[in-house]
Amino acid sequence: MVNSRASRDGSVQSVDRAISILQVLARLGAAGVTDIAAEIGVHKSTAFRLLATLESRGLVEQHAERGRYQLGYGVVQLAAGAANKHNLSILSRPVCRELAEAVGETVNVAIHDGRNVISIDQVLGSSAVTTINWVGQHTPMHATSAGKVFLANMPPEQVGAILTEDLERYTPHTVVEPALLRQQLRAVRDRGYAVTVEEHEIGLAAVAAPIRSLDGQVVAAVAVSGPTFRVNEQTIPTVAGHVVGAAAKISQRNGYPKRG
């Protein structure tokens, strides 16, 4: 039974790694075994074995330059089967449902729109008896967890232009000082998620993490929000773990390669 389970787990891991290879080649165009192995965080021999399997099924092929690989025509055939292009809200919804169930709070997926953040989808958790419908609403970047995720991953000059504006103070807890905001954004980059507590609305706290595209760019954020008597200093570390995990799952569904 143990050996059977181990074999099954190994097979799943191999499939996961093979998909990551396809995603890496989609981003790089063509790459050697050493580079591919480094990109997905595996040994060179593992990458070579997976590439051989993918090549036998027509999903990758040898590049004109010996020792390099590129996507094969088999990928084009598979893509032709996807007649309807799924948008991010559809792509992320199953994961957001899992997240809402795990934490019991409201989950939103947001994108940035100019100087603001706009929610494109929302899933209610079991604890959310009543909540604001954030879908379609614009909220400020500097006072929301999703907004701070975007700010933390923007080019320095773009962040500088935003932080030098006259930022609105929504509550006594809203951070509007550029130096302090920059300090918070460094923390967001270091730990992989953003937190706001009563910065946009009294009694509301939120945790958000980045959703990435194939090339690693932050294209959206997934956020959990709830009342401060449930989402607070004691519970935020656990909530953050769930949010970061969900963001990673959505990113992988969106084409971002998984390491390991």
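Values in this text are rule-based calculations from the coordinates and carry no lab data. Since this is a predicted model, take the numbers as computed values, not measurements. Neighbour counts are summed over all protein chains in view; Cβ atoms, including those assigned to glycine, are modelled from backbone coordinates with ideal geometry.
Pairwise Cα distances in the stretch 166-260 exceed 16 Å in 60 percent of cases.
Using just the alpha carbons, could you tell me how many Å³ per residue the convex hull of the chain encloses?
Details: hull volume 43.0 nm³, N = 260.
Given the Cα convex hull of the chain, per-residue volume reads 165 Å³.
Each of Arg17, Arg230, Arg66 was scored by other Cβ atoms within 10 Å of its Cβ. Listed from fewest to most, they are Arg66, Arg230, Arg17.
Taking other C-beta atoms within 10 angstrom as a stand-in for reagent exposure, Tyr170, Tyr256, Tyr193 fall in the order Tyr170, Tyr256, Tyr193, fewest first. A straight Cα-to-Cα reach below 20 Å connects Lys44 with the aspartates and glutamates Asp16, Asp35, Glu55, Glu61, Glu65, residues fewer than 8 places away in its own chain not being considered. Find how many whole Å separate the alpha carbon centroid of the stretch 143-216 from the alpha carbon centroid of the stretch 225-242. Centre-to-centre distance over Cα atoms comes out at 17 Å. Summarising the strand pairing of the chain, around 95 percent of its internal DSSP beta bridges are antiparallel. Relative contact order of the chain: 18 percent, from C-alpha pairs under 8 Å at least 6 residues apart in sequence. In whole angstrom, the stretch 2-79 maps to an equivalent ellipsoid with semi-axes of 22, 14, 10, each derived as √(5λ) from the alpha carbon gyration tensor and ordered largest first.
Taking Cα atoms only, the orientation of helix 44-56 departs from the longest principal axis of the chain by about 70 degrees. Residues Lys148, Lys258, Lys249, arranged from fewest to most other Cβ atoms within 10 angstrom of their Cβ, appear as Lys258, Lys249, Lys148. Could you tell me what percent of the DSSP beta bridges with both partners in the stretch 89-238 are antiparallel, to the nearest 5? Antiparallel bridges: around 95 percent, rounded to the nearest 5.
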